[in-house]
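Engineer: Take this structure, written in structure tokens, and hold onto it; I'll ask about it next.
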């Protein structure tokens, strides 16, 4: 089954694009199957995205080959003479899809009153496109009953396109007026993301404000994070016992922000290790993480005034494979019995295997991850756990620099706004449900949409 | 200079990618994908770095006859053999150019399917035992909070089995809210989900804040400097 649609007139084949999201295909097939159960005949699916009034978005593929009366008629209507007695959509509009990369035109129409949805007299709509208002028009897609929109993603930028929508009933058709001209063009600003922009701007603003505030002498209150307070104790214990310290930076690469956060903590731990003249071992599952960790630890030893103690071979690569890596690290733990184990970064199923092995050898363990599913395992098996945001705050917390502490306060304000939104949303919606006052429902809905990706 | 250039690259690339998120117009629309490909290229080169490090480290252990050096022999042999059968496509039913290295029947496929996969599955299987031992420690009723945790965990564990359904199936409809499946659903969907979301919000804000610190250049600890 091909997902590539035929190119429009005046546009070469190589410019055709597959539908936006291939994952929608199974959904379309399921919905198609359901539709077959409801309709008396069968439907020929055509390409395009269809949005119903109920808000459902269905993407079907060319050659879906699920046939109904409406579908057959949609395909063959150009040649067959069908009575034009069905009610046409009274209004049609074609316009360039806003906030996109171009090559996309949105056709919207008002359904006739006879369209009562699936099972009603209207079987669906056939969408046709032409390069002039006089035609000729070609069939480009089909929409379900109740649909009001069709996204034509198979157009070239800069060309004027005209559209018409044809209502399909059991025995007749009704052709709408001409919508257009619509000219597709890419936009410079994605206005669908304005909520993300506002949140980002606020967070950036708060971060910068608090950084300046603390630099100017402001004294922020930062609560104690037990896991980070324990680092000195953990390194000291290893030094006293004469055993190494193990640092595991997770199993993701340097493009994961958790790995970056882990490496920043490694920097502080390495400096402490250098000061205590202890031994640090960092096995990695990614070669790039190994390179970065080596550089970080080397600089930390240099900053601590002990460059001669830096041992490059103690930071090494094992394998990219998840369980191969676990086997390597576990083997090291069982053989060398490190006194302290740090797990900072992104972890998956290996989290508990590592932490339980560390527990079995009696190591003091500090873990930190932003993988919610792994947090319970670390909490159960480790002495201290940095939960989610604490991992990201660790670098600032450990450095104690005003610039960095300001970012923690900025983060806190963001959290406060989030909490306030949740509280206000719950309160407003509860009152709206009790009183039935519609404006309050709209306010609650607006708050929900603001914090969702629904706009996009 | 050693720090300035990386900081500059991080700042410029980070800012451009953040801005590109709000610009659908070419060439900004494909920047994220492009940079992702750049990273993949760098990461694939890093495989050579990783492989080289592996050989050097274990070679050194073998030559110095360090403790546990026979393990290093197994590692190096395993690495070289896999590399050899992969590069030469040994045993590939369609010849060297006929098909992919992972084609069924090739030696590389056999090594993966009959050696690596069972070994990985064995490691994964350990998880079952570790879950039991960790749960045993975590669910000790040492104080009020731990007792609540134990109780909730017990309900959820029981509720996930057929026993949970059976134990309270005799309750009348008016007491449906006391059935174990109902309690499990409420614990997971309401309590657990709410707590999970709170953690997720914190993580999202933490990611934004850390990214901003790295892009602005406030946090330089990944470069080894405070």
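Engineer: Can you name the number of the only condition in (1) in a helix (DSSP H, G or I); (2) surrounded by 16 or more Cβ atoms within 10 Å (Cβ to Cβ); (3) more than 10 Å from chain A (Cβ to nearest Cβ) that residue B:134 fails?
Structural biologist: So residue B:134 meets the others, but not (3).
Engineer: Go through the range B:141-160 and give me each residue that's in contact with a helix residue (DSSP H, G or I) (Cβ under 6 Å, 6 or more places away or on another chain) and over 19 Å from residue A:374 (Cα atoms).
Structural biologist: Correct list: B:141, B:155, B:158, B:159.
Engineer: Then there is this: Identify, please: which residue in the range B:138-153 is part of a helix (DSSP H, G or I) and exposed (fewer than 12 other Cβ atoms within 10 Å of the Cβ) and is, among those, nearest to the other protein chains (Cβ to nearest Cβ)?
Structural biologist: Filtering the range B:138-153 for residues part of a helix (DSSP H, G or I) gives B:138, B:144-153.
Applying the additional criterion that residues be exposed (fewer than 12 other Cβ atoms within 10 Å of the Cβ) yields B:144-145, B:148.
Details: B:144: 17, B:145: 12, B:148: 15 Å.
Of everything passing the filter in the range B:138-153, B:145 is nearest to the other protein chains (Cβ to nearest Cβ).
Engineer: Still on this structure, I have one more. Find the residue count for the range B:178-202, including only residues that are in contact with a helix residue (DSSP H, G or I) (Cβ under 6 Å, 6 or more places away or on another chain) and either at the interface with another protein chain (Cβ under 8 Å from one of its Cβ atoms) or part of a loop (DSSP other than H, G, I, E, B) (or both).
Structural biologist: Here the count works out to 2.
Engineer: Confirm whether residue B:47 is within 10 Å of chain A (Cβ to nearest Cβ) and loosely packed, with under 15 Cβ neighbours inside 10 Å. Spell out how you get there, then give the answer.
Structural biologist: On the way: within 10 Å of chain A (Cβ to nearest Cβ): yes; loosely packed, with under 15 Cβ neighbours inside 10 Å: yes.
The answer is yes for residue B:47.
Engineer: For the range A:118-169, what are the residues that are without any contact (Cβ under 8 Å) to a residue 40 or more places away in the chain and surrounded by fewer than 19 Cβ atoms within 10 Å (Cβ to Cβ)?
Structural biologist: A:120, A:132, A:134, A:135, A:136, A:158, A:160, listed by residue number.
To keep it simple, each residue is scored yes or no on (1) surrounded by 14 or more Cβ atoms within 10 Å (Cβ to Cβ); (2) more than 23 Å from the chain's Cα centre (by Cα); (3) under 17 Å from residue A:320 (Cα atoms).
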{"position": "B:76", "(1), (2), (3)": "yes, yes, yes"}
{"position": "B:83", "(1), (2), (3)": "no, yes, yes"}
{"position": "B:95", "(1), (2), (3)": "no, yes, no"}
{"position": "B:99", "(1), (2), (3)": "yes, yes, no"}
{"position": "B:110", "(1), (2), (3)": "yes, yes, no"}
{"position": "B:114", "(1), (2), (3)": "no, yes, no"}
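Engineer: Please determine whether any residue of the range B:181-202 is surrounded by 12 or more Cβ atoms within 10 Å (Cβ to Cβ), touching a strand residue (DSSP E or B) at 6+ places or on another chain (Cβ under 7 Å) and closer than 23 Å to residue A:370 by Cα.
Structural biologist: yes
Any read-out appearing in this document is the output of simple, stated calculations on the displayed coordinates, not a laboratory observation. All of these numbers come straight from a predicted model, not from anything done at the bench. We place every Cβ from the backbone using ideal geometry, glycine too, and count neighbours over all the protein chains shown.
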